[in-house]
Amino acid sequence: MTTSPTRQLRRDAQRNRDAILAAAREVFPEQGLEAPLEEVARRAGVGIATLYRRFPTRTELLDAVLAPAVQEHVDAAEQALAMDDPWEGFAFYLERTCRLQAGDRGLNDIMSMRLPRATAVEAAKRRLYRLTEEIIVRAQRAGRLRGDVTPEDLVFLHWANTRILQATRAAGAPDAWRRHLGLLLDGFRADRAHPLPEPPLSPRQVYRAMLTLGASCTRGAEEPPDSVYNNPGG
């Protein structure tokens, strides 16, 4: 029995989609969210027009590739809450999230910004926010974590870690983030707390800042270039 043209087309389309996702899982961790999509297409063995047919915007591709990576942060938060010692759970969560950032530039980028159209990623991050609140409150009630820490303060850690990772990779010290985290953990301890000079950012302020970072990443890259439509091959 011969394969129908329609069925063969569907198989080809699925193969192309799988190849694009596999390539993107290599490129974004290596080069970050602003990596050229032409490089993704090249590694996938398809034309750029084929990539845009499968994923019309960069955000759709990012959402498909990075949602499972963000889920790893959610898994770490759930493990932290399952630990008997609230402080150890808090420290474990921060260490694990920093380690995940260090191993994946794309994940590092996405955790520092908001992309509202990346629906799967943003859903995982909303779940993560709620778990983070629980981790913080649990450690505060145990008297181990300073009482003025908010989930928004942990965003500072992600922003700082982003720049630290960029700088220390170039310096040949990829694990330097561990020293920075150790210093921060001492500052988080309740028995070493001093009044802070500024109030915490509000959730709205953090959201607006992360939207700005996300917009700078995808600006000019949401729609495929005209040349793609003029050259539909591939």
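Which residues does a label at Arg169 reach in the stretch 89-104, if reach means a backbone N under 13 Å from a point 7 Å past the Cα toward the Cβ? Counting backbone N atoms under 13 Å from the label point, the list is 101-104.
Put a plus charge on the Cβ of each Lys and Arg, a minus charge on the Cβ of each Asp and Glu, and nothing anywhere else: the dipole of the stretch 1-147 about its Cα centre is then about 560 debye.
Hey, with R₀ at 35 Å, roughly what FRET efficiency would Thr57 and Met83 work out to, going by the Cβ-Cβ distance, to 0.05? Walk me through the intermediate numbers first.
Values: r = 39 Å, r/R0 = 1.13.
Rounded to the nearest 0.05, the efficiency is 0.35.
Since only Phe28, Ala80, Tyr93 are under comparison, the one whose Cα sits farthest along the positive direction of the charge dipole of the stretch 1-160, derived from C-beta charges on Lys, Arg, Asp and Glu, is Phe28.
If you take the Cα centroid of the stretch 16-91 and the Cα centroid of the stretch 152-189, the two points sit 22 Å apart.
Translational diffusion coefficient of the stretch 86-147 (Stokes-Einstein, Kirkwood radius from Cα pairs, 4 °C, 1.567 mPa s): 101 µm²/s.
With each label modelled as a point 7 angstrom along the Cα→C-beta vector, the Arg126-Leu183 pair spans 3.7 nm.
In what sequence, largest accessible area first, do Arg163, Arg105, Arg58 appear using a 1.4 Å probe?
Arg163, Arg105, Arg58
Solvent-accessible area of Arg138, all protein chains in place: 70 Å² (probe radius 1.4 Å, heavy atoms, ligands and nucleic acids excluded).
How big is the stretch 6-48 by the Kirkwood estimate over distinct Cα pairs, in Å?
Numbers: mean 1/r = 0.0940 Å⁻¹.
Here the Kirkwood hydrodynamic radius works out to 10.6 Å.
Taking all protein chains as shown and a probe of 1.4 angstrom, Tyr129 keeps an accessible surface of around 70 Å². Dividing the radius of gyration of the alpha carbons in the stretch 93-201 by their Kirkwood radius gives 0.98 for Rg/Rh.
Take the Cα of Arg208, go 7 Å toward its beta carbon, and the backbone nitrogen atoms of the stretch 118-154 under 18 Å from that spot belong to 152-153.
Rolled with a 1.4 Å probe across the full set of protein chains, the surface gives Glu30 an accessible area near 90 Å². In this structure, Ala176 and Glu30 have a Cβ-Cβ separation that, at R0 = 30 Å, corresponds to a calculated FRET efficiency of about 0.95.
Taking only the alpha-carbon atoms of the chain, what semi-axes of the equivalent ellipsoid follow from 5 times the gyration tensor eigenvalues under a square root, in whole Å, largest first?
Details: eigenvalues 313, 65, 51 Å².
Taking √(5λ) for each eigenvalue gives 40, 18, 16 Å, largest first.
Taking one quarter of the surface of the C-alpha convex hull of the stretch 1-128 gives a mean projected area of 9.9 nm². Rolling a 1.4 Å probe over the heavy atoms of the protein chains gives the stretch 101-166 an accessible area of 43 Å² per residue.
The values are calculated or read from the model by the stated rules, or taken from the named source; none is laboratory data. Only a predicted model underlies this, so the values are computations on that prediction, with no experimental measurement involved. When we count neighbours, we look across all protein chains shown, and the Cβ atoms used for this are built from the backbone with ideal geometry, even at glycine. Calculation scope for accessible area: heavy atoms of the full protein, side chains included, ligands and nucleic acids excluded. Shrake-Rupley method; radii C 1.70, N 1.55, O 1.52, S 1.80 Å.
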